[in-house]
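Please read the structure below before turning to the comments.
The values are calculated or read from the model by the stated rules, or taken from the named source; none is laboratory data. Every value quoted in this text rests on a predicted model; they were computed, and no experiment measured them. A quick note on method: Cβ atoms are made from the backbone with ideal geometry, for glycine too, and the neighbour counts reach across all protein chains shown. Quick note on the areas: whole protein, heavy atoms, side chains included, nothing else; ligands and nucleic acids left out. Shrake-Rupley method; radii C 1.70, N 1.55, O 1.52, S 1.80 Å.
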Amino acid sequence: MNLSQVKLIVTDMDGTLLNSNHKVSELFFSLFNEIKSHDILFVAASGRPYYSMIDKLSKIKDDIIIVSENGGLAIKNDELFLSNPIKKNNFKEICNLVLSIENSLSVFCAKNKAYILSDSTKLLNFLKEYYPNYKVILNTLEITEPIYKIALFHEESSERFIYPFVKHIEDRFKVKVSANHWVDISENKANKGHALSLIQKNYNITPEETMVFGDYNNDIEMLKLAKYSFAMKNAHPDVKAVANFETTNNDSYGVESILQQLLKAKSNY
């Protein structure tokens, strides 16, 4: 690997940059200062909402591009880079579908808050990690602002108990098993790959100059746009099949170890 040519680094959050305690390591923040000194563009791309990502990356938020809601929204220095909310008619159609699925919880993701159709204390406590700004609603008619993503939660397995009921709309919408408990639905262009392609075009950076890290199916589109695509050891088999390389798991500094190799290659170049 000739990592000295890398100009753009993109990483997923949960299961990738974040450890199992949902924390970013101090080692990463230390390495980021060196990355910045080499004028490498850094992008965090997640299914998480913007405000949740800001909370995790507050130390460096002014120096990076934040791609949230699986690529539905991208912001740099508080300025909108990309916005692709669900169209109104599509929102009604998707709502009718997802609200009919038994034993699932729907989370409707706006820019600055989430709307949740549940008052279960157990579920809300779990969801606070991903959606700290939320409002419990009784009906989707209470939602009046643009929604970027509808996240469907299942306590046991989203792939087994939710995905089969929504996969038939994949030809028109982006439907992604984004984690063990989650399936995400958004507009077709609201994906991390589309966001990354716009960033590459805007900054004149090629796939050969791009490094990407991911662990779940919502990372596949962006992994395909990078020569240096890394699946985490803990990644879904579909992700490992797409990525060109593999690194250690998210609790063993999988991202950081590759960044150290990158910085060493930059220093020796």
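Before moving on, here are some points about what is shown:
- Axis of helix 254-268 versus longest Cα principal axis of the chain: the two differ by about 30°, to the nearest ten degrees.
- Note on TYR269 and ASN89: the extension gain reaches 59.5 nm, defined as 0.36 nm multiplied by sequence separation minus the Cα-Cα distance.
- Between VAL24, ASN202, ILE137, the Cα set farthest toward the positive side of the dipole of the chain (charges on each charged residue's Cβ, about the Cα centre) is that of ASN202.
- Solvent-accessible area of PHE81 with every protein chain in place, 1.4 Å probe, in Å² to the nearest 10: 60
- DSSP-defined beta bridges in the stretch 174-269 - what % are antiparallel, rounded to 5: 40
- Our helix-only sum for the chain, with -39,500 (n - 2.57) per DSSP H run of n ≥ 4 divided by its residues, gives a mean residue ellipticity at 222 nm of -8500 deg cm²/dmol.
- Computed over the stretch 138-266: relative contact order in percent, which uses C-alpha pairs under 8 Å that are six or more apart: 15
- The alpha carbon centroids of the stretch 143-181 and the stretch 194-269 are separated by 24 Å.
- The angle between the Cα long axis of helix 26-37 and the main principal axis of the chain comes to about 60°, on a 0 to 90 degree scale.
- GNM on the chain, alpha-carbon springs under 10 angstrom: the most fluctuating residue among ASP39, ASP219, ASP14 is ASP39.
- Bridging of LYS87 to lysines at a Cα separation below 23 Å is possible for LYS111, LYS113, LYS135, LYS149, LYS167, LYS174, LYS176, LYS189, LYS192, once same-chain residues fewer than 8 apart are set aside.
- Rounded to the nearest 20 debye, dipole of the chain from Cβ charges on Lys, Arg, Asp, Glu: 380
- For SER197, the accessible area of its heavy atoms, probed at 1.4 Å with every protein chain present, is near 40 square angstrom.
- Cross-link reach is defined here as a Cα-Cα straight distance under 13 Å, omitting same-chain residues fewer than 8 places apart; for LYS36 the aspartates and glutamates meeting it are ASP62, ASP63.
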